[in-house]
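Participant: I'd like to ask some things about the structure below.
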Amino acid sequence: MTIPDTNNPEALALAALGWALSDQPRAERLLALTGLTPQDLRERIDDPSLLAAVIGFLESHEPDLVACAEALGVSPAALVEAGRRLAS
């Protein structure tokens with residue numbers, strides 16, 4: 001896997017979304033807790049607020065945040081910073 005550019009919050013959040021959706025129970029939890037639908041993901045994939053919500057989902061469960069960061073080859077802090085940048 002290519003390590004996402006930590007200077008590009010959108011790319012990092014998209015990689016995190018891919019990671020979150022790669023496991024069905026986690027994907028279902030993402031949708032349930034964020035209120036997003038599969039249609040939202042398709043239609044708003046480039047919306048910074050949607051991408052920030054994905055990072056917020058990971059932040060709300062530290063084991064997921066750490067596992068995602070490890071899988072992507074970035075620090076958990078890089079994910080948190082990406083979410084902060086997307087939310088502002």
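Participant: Counting each DSSP H run of 4 or more residues in the chain as -39500 (n - 2.57), what helix-only mean residue ellipticity at 222 nm follows after dividing by all residues, to the nearest 500 deg cm²/dmol? Walk me through the numbers before you get to the answer.
Facilitator: Values: 6 runs with 65 residues, N = 88.
Value at 222 nm, helices only: -22500 deg cm²/dmol.
Participant: Right, next: Run the Debye formula on the Cα coordinates of the chain, all scatterers equal and no solvent, and tell me log10 I(q)/I(0) at q = 0.12 1/Å.
Facilitator: Taken in order of the listed q values, log10 I(q)/I(0) reads -0.28.
Participant: With the other protein chains left in place, how much accessible area per residue, in square angstrom, belongs to the chain at a 1.4 angstrom probe? Don't skip to the end; give the middle numbers.
Facilitator: Values: 4810 Å² over 88 residues.
Result: 55 Å² of accessible area for each residue.
Participant: Give the peptides 43-50, 32-39 in descending order of average Cβ contacts within 10 Å, highest first. Please list the in-between numbers first.
Facilitator: Details: 43-50: 13.2, 32-39: 11.6.
Result, highest mean first: 43-50, 32-39.
Participant: Measure off, as a whole percent, the carbon and sulfur share of the 1.4 Å-probe accessible area of the chain, all protein chains present.
Facilitator: On the way: 2570 of 4810 Å².
Reported share for carbon and sulfur atoms: 53 percent.
Participant: Also: Which whole-number percentage describes the relative contact order of the chain, with Cα contacts under 8 Å and a sequence gap of 6 or more? Please list the in-between numbers first.
Facilitator: Numbers: 95 pairs, mean separation 35.4, N = 88.
That works out to 40 percent.
The values are calculated or read from the model by the stated rules, or taken from the named source; none is laboratory data. Values in this document were obtained by computation on a predicted structure and should not be read as measured data. As a convention, Cβ positions derive from the backbone with ideal geometry for all residues, glycine included, and neighbour counts pool all protein chains shown. These accessible areas exclude ligands, DNA and RNA; they are computed on the full protein's heavy atoms, side chains included. Shrake-Rupley method; radii C 1.70, N 1.55, O 1.52, S 1.80 Å.
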